[in-house]
Amino acid sequence: MATTTRRVPAFVSSTLLLLGVALTVLGVVLMEARHSLLTPEGLSMRAVAALADPRVSAYVAGKATDAVLSAQPDLTAFRPVVVSVAEATVSSYPFQRAIQASIRSTVSAVLSEGSNKVALSIPDLGVLLRSALSQANPALAEKIPPRVRGAVSDLGDGWASRAVVDLLRLSRRLAGFIVMLFGLGAACLAGGFVLARDRRHALLNASVHLVAAGVVLLVLRAAAGWSLQSGGADAMSREAMAGVWAAFTAGIRGWALTLAFVGLVTSASAFSVLDRISFADALARFWRVVQEPPAGAWGRLGRSVLLVAAGAAAVRHPREVLEWLMLAAGGALVFVGVREALALLTAQGSSAAGAARATGMGIRRVATVAAATALLAWAAVAMMRPAQPSEALATGLCNGSAALCDRPLNQITFPGAHNAMSSADVAGWMFPQHERGLATQLTDGIRAFLIDVHYGRPAGGVVVTDLDVETVSRARIEEAVGPEGVEAALRIRDRFAGGELGPRGLYLCHGFCELGAQPLGPWLSTVADFLVQHPDEVVVLVIEDYVAPGDIAAEFDRAGLSDLVYRGNGQAPWPALRVLVDTRQRVVVMTESGRAGVPWLLPAFDVMQETPYRFRNPAELSCAANRGGTRGALFQINNWIDTTPAPKPSNAAVVNAHDALLARARRCQEERGLKPTILAVDFYRTGDVVGVARALNQ
């Protein structure tokens, strides 16, 4: 009976140590899986890391090519060219951000909207491919459909989709469970050490368990990767799956190495205070086991199977096997080095003390080894733990500046173009207000666009304003273009009286479309294409609207821009630019009429204040409240001299000059108590509106 009692603590201690290590390792694995694989951010970052693998990028490029050829079969003869361009596109920053956004939206839909379908597509694939191809072969680039979307993976509604959905939703409940695992693991380890007869051997046992756990994780990960390369429908799919597995389980590999490294450090610590062992003797014993067959048929059969498996793995996967051998050699060197260092440390302390204080020095020796071991283990975790894949593959810039990323929208100044559609390079536009059109404005740094939208009907090379459906008085039009402009528009209009008119559409016009017009749809498509190619930019549109809100929304849909609009309520607090970028809400749209019907068309003068806009000379420029009163959190400064119908660049040279514009902006900010959100000017290339906005944002 007494013997049994003495044996119970040893059995309980070893069991508690094993259970403690197992619970801790399980907690580490679940923690890594939750952070890196079961959240929108972690999953999207791992996906981008997977794209860095040539096997994965080649597969995705193939899928992208298939999507293009499916939409435009006539390009089949150019498949090699399209594939080459697709491979370059897949490695580009805009494409990687598009993949991130697609994964985030898919996972968010699963978690918040109850969706049970997992489908990963590449939005705006055509735009990216056209952009990449335009330099080498513009004619071929024009043949690629701009709005094609490539499906990378679609799990449908089957068991695989349901399993992924269940795992994603499970992540919400994992946090508490992981904490419980770590707590139970720590309690078991503490209990095992307390009950151990020899705590040095207990430390050694726990260390061996930890090393074994790390090795098992590495073996399981490698085995799964090899299995993926052996299955699958075709070679490219198999290789891509192996690449995805390697990227998505990189964190598990990192933690496995960390656990094994910590186990080596603590086992070396235990050996440093136990009897010394010969590393050469250990290697000799291992080699004898390899060379000498064990007794019994089953033992010999098992040994043979292991040797054949190891040899086959070395032949089939030489690089991976070499990596394992190097890891084993490195681990052995770490073990020997740490053991010798700790043994030297304790020996020096003992010799310096003398025999008279042997008991006290024994305690100090243990404390010294424990402190050194804890420090080395902490260093192992700090150095070996897996780093998160770079979220910013990213440039870390929002609208060109890292400092703007964490600022709310109402604390950022956007350089703006008043009547942005009215430019000298648009054919047939009378009385232009800017030197260049939209594409150049975007390239030059303009990020806020004040535009007018009317109904128009094409007729003989011009556009006729469709006054039959616009409820706009002549006085309102005359205010916009002046009496001379009205008379000029009416003369043009009279030429087509009773003539054949084309279908009604939405046009960008100022007052009368007869004085200059361009279709709204292509203009919005230019904005959409720019945003696809510059995934960290946010723009603001203020629409002076004479059309139905639903018709505006339809044009946004056709241009592929409705997926990027801001869908908040327009009230403070405004989201930061980084939030708008990450949630694909990079177009803030306001209408001056404020008519209801489309939730994301914000009523401009409920959310924004402004200054007056009719100044006859620079001396009249003021900061007084105008439309919107003092309600909104956004603030628009109107900075132009009104010489309707013909704006004058000479006036812009005065009021847009850097010092003059900056002084007025700061004066208005002080008087109104709001940071300017939009700095709107005529002739944006005259003066320095972009530089002034940059100065205000510093």
Task: Selection count where residues are within 20 Å of residue 450 (Cβ to Cβ) and among the hydroxyl-bearing types (Ser, Thr, Tyr), scope segment 556-597 - done: 3
Open item on the list: Restricting to segment 41-86, count the residues that are more than 20 Å from residue 239 (Cα to Cα), among the acidic types (Asp, Glu) and not in a helix (DSSP H, G or I).
Closed with: 0
Task: Considering residues of segment 222-243 that are open to solvent by 50 Å² or more (accessible area, probe 1.4 Å) and touching a residue at least 12 places away in the same chain (Cβ under 8 Å) only, the residue farthest from residue 31 (Cα to Cα) - done: 236
Open item on the list: Name the residue that is nearest to the chain's Cα centre (by Cα), counting only residues in segment 576-594 that are modelled with pLDDT of 95 or more and surrounded by fewer than 19 Cβ atoms within 10 Å (Cβ to Cβ).
Closed with: 576
- [ ] Residues being assigned to a loop (DSSP other than H, G, I, E, B) and surrounded by fewer than 17 Cβ atoms within 10 Å (Cβ to Cβ): count how many of those fall in segment 658-674.
- [x] 1
Task: Out of 185, 126, sole residue that is open to solvent by less than 60 Å² (accessible area, probe 1.4 Å) and modelled with pLDDT under 85 - done: 126
TODO: Scan segment 601-619 for residues that are open to solvent by less than 20 Å² (accessible area, probe 1.4 Å) and assigned to a loop (DSSP other than H, G, I, E, B) and jot them down.
DONE: 601, 611, 615
TODO: Would you be able to tell me the number of residues in segment 441-473 that are under 25 Å from residue 550 (Cα atoms), charged (D, E, K, R) and open to solvent by 50 Å² or more (accessible area, probe 1.4 Å)?
DONE: 2
- [ ] Please name all residue pairs, on different chains or six or more residues apart, with Cβ atoms under 8 Å, provided the first residue is in segment 388-410 and is within 13 Å of residue 581 (Cβ to Cβ) and the second residue is β-branched (Val, Ile, Thr) and modelled with pLDDT of 95 or more.
- [x] 398/538; 399/412; 399/538; 404/412; 409/538; 409/588; 409/677
Task: segment 533-568, subset touching a strand residue (DSSP E or B) at 6+ places or on another chain (Cβ under 8 Å), assigned to a loop (DSSP other than H, G, I, E, B) and without any contact (Cβ under 8 Å) to a residue 60 or more places away in the chain, residue farthest from residue 96 (Cα to Cα) - done: 566
Open item on the list: Give me the residue from segment 556-575 that is open to solvent by 30 Å² or more (accessible area, probe 1.4 Å) and under 30 Å from residue 465 (Cα atoms) and, out of that set, modelled with the lowest pLDDT.
Closed with: 563
Open item on the list: Tally up the residues in segment 526-555 that are open to solvent by less than 40 Å² (accessible area, probe 1.4 Å), among the β-branched types (Val, Ile, Thr) and more than 23 Å from residue 597 (Cβ to Cβ), please.
Closed with: 2
- [ ] Answer yes if at least one residue in segment 60-74 is open to solvent by 10 Å² or more (accessible area, probe 1.4 Å), of a type outside the set (Gly, Ala, Ser) and free of Cβ contacts under 8 Å to residues at least 40 places away in the same chain, and no otherwise.
- [x] yes
- [ ] Could you figure out which of (1) farther than 28 Å from residue 97 by Cα; (2) modelled with pLDDT of 90 or more isn't true of residue 448?
- [x] (1)
TODO: Could you pull out the residue among 133, 111 that is open to solvent by less than 40 Å² (accessible area, probe 1.4 Å) and at pLDDT below 75?
DONE: 111
Open item on the list: So, restricting to helices (runs of 4 or more DSSP H) that lie completely within segment 244-333, which ones have at least 1 residues that are of a type in the set (Gly, Ala, Ser), at pLDDT below 70 and exposed (fewer than 11 other Cβ atoms within 10 Å of the Cβ)?
Closed with: 279-291
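The values are calculated or read from the model by the stated rules, or taken from the named source; none is laboratory data. Everything numeric in this text was worked out from a predicted model, so none of it was measured. So basically every Cβ, Gly included, is an ideal-geometry build from the backbone, and we count neighbours across all protein chains shown. When the accessible area is computed, the model is the full protein with side chains, heavy atoms only, and any ligands, DNA or RNA have been set aside. Shrake-Rupley method; radii C 1.70, N 1.55, O 1.52, S 1.80 Å.
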